[in-house]
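Enquirer: Submitted below is the structure of interest, expressed as structure tokens.
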């Protein structure tokens, strides 16, 4: 014990003098508990629904109030013509559309079967299933209110677009591409400068007549090629192994994916300018990419069900925007006309991260 106690005392002194490790030990469990507790919510709420009320009668308006008065739906758009529904789906403005026929009220009075249609964006298979079940529940309630328990005057017909078989792989695999590329690219470049600091080769770079901007760009470019190869392999594997559809333009996907890869690599370079060791750099990259990309991007859990503060935070995360890009191109056939706002944000973020990295990079060793 006489030899162990000094070692224990020394280790406590070391922990006390390392505030970063102490902060991670104390704050990380609390932050993860808060993040998981609020973000992991399997109940889908406030689903954006478009209303095409061709009847425009008191009975149809009552049905609309039933939908938007529930916890599941909120009216996002009043649709004027049927052909507009696909445009709203492609622009991600609605997740479902309620179509009420012209003779809705007259059909109810005649006590015949009255059809009501629900169109669902199936690119998110989890949300699509919940929309379908919630719609059936509301239609059943309205039918009982209209005719009691004797009959079911309302008959719901549903159509699921973009993923009619409700294959979960069509939803998960594009999300995995976004998460894996963000994590791998950030890890690749996060150790780029930290490795040179540890091995002592950074001095040779700093004595060369090279500006910090050239050093940062030179560190990023080689990893762009490696990351592009990684992205191609993952996409091909998802297409031919998991049979994920590819309805959009390969060129459009390649260009917008390159933009996303640059964002991820730039984030890794920024970490590398801050971290002193490769171990710290890799830990920062893993924490800064994996958890936010999985929990807050909409990869698994719908963003609309999260608290407002986390919804705002999700808009900052690059994977959130790339998920809209890759799912839009693969499952909906979207083009640059629809996806340019997401790509523009990624481009601005890449430039911002590179600029901060250049300004933080010191050409003199401490």
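The values are calculated or read from the model by the stated rules, or taken from the named source; none is laboratory data. As the structure is a prediction and not an experimental result, all values here were calculated from the model. Quick reminder, even Gly has a Cβ in these numbers, built from the backbone with ideal geometry, and neighbours come from all protein chains shown.
Enquirer: If only one of 120, 138 is surrounded by 16 or more Cβ atoms within 10 Å (Cβ to Cβ), at pLDDT 85 or above, within 32 Å of the chain's Cα centre (by Cα) and closer than 24 Å to residue 334 by Cβ, which one is it?
Expert: Testing whether each residue is surrounded by 16 or more Cβ atoms within 10 Å (Cβ to Cβ), at pLDDT 85 or above, within 32 Å of the chain's Cα centre (by Cα) and closer than 24 Å to residue 334 by Cβ leaves just 120.
Enquirer: Please go through (1) at pLDDT below 75; (2) in the same structural domain as residue 329 (by TED's automatic domain parsing); (3) out of contact with any helix residue (DSSP H, G or I) (no Cβ under 7 Å at 6 or more places or on another chain) for residue 196 and return the number of the only condition it doesn't satisfy.
Expert: Of everything listed in (1) at pLDDT below 75; (2) in the same structural domain as residue 329 (by TED's automatic domain parsing); (3) out of contact with any helix residue (DSSP H, G or I) (no Cβ under 7 Å at 6 or more places or on another chain), residue 196 misses just condition (3).
Enquirer: Oh, and also: How many residues are part of a helix (DSSP H, G or I) and under 22 Å from the mean Cα position of the chain (by Cα) if we restrict to the range 85-100?
Expert: Taking the range 85-100 first, the residues part of a helix (DSSP H, G or I) are 85-90.
Subsequent filtering for residues that are under 22 Å from the mean Cα position of the chain (by Cα) retains 86-90.
Looking only at that region, the number is 5.
Enquirer: Something else about it: Restricting to the range 337-366, count the residues that are modelled with pLDDT of 90 or more and farther than 24 Å from residue 220 by Cβ.
Expert: The number of residues fulfilling the criteria is 1.
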